[in-house]
């Protein structure tokens with residue numbers, strides 16, 4: 001190789017967007033279900049989310065809350081809604097605020 005040539009890596013690199021649906025938390029300590037995986041939370045702890053609950057739309061829709069917990073087993077996000085109520089919602093019932 002001469003001094004003007006550079007060594008090229010033997011592989012190709014690219015950047016692709018990640019989707020939440022393709023990521024999961026593996027069950028490392030679950031001997032009953034080897035290979036089982038749990039989905040990652042839609043909104044991380046401490047982030048704000050908007051509620052759009054179809055079951056209690058007249059009570060919760062349009063309210064903002066802060067996510068205080070997430071259960072990998074049930075998929076429930078625990079949210080502190082308007083600093084008053086602590087309520088559990090599924091991922092389909094909340095929206096991440098951008």
Average projected area [Cα convex hull, the stretch 42-98], square nanometres: 3.5
Where labels lie 7 Å past Cα in the beta-carbon direction, separation of residue 47 and residue 64 in nm: 1.6
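Bear in mind that the values in this text are calculations on the coordinates, not laboratory data. Note that the structure is a prediction, hence the values are computed from the model and not measured. Note that we place each Cβ from the backbone using ideal geometry, even for glycine, and neighbour counts take in every protein chain shown.
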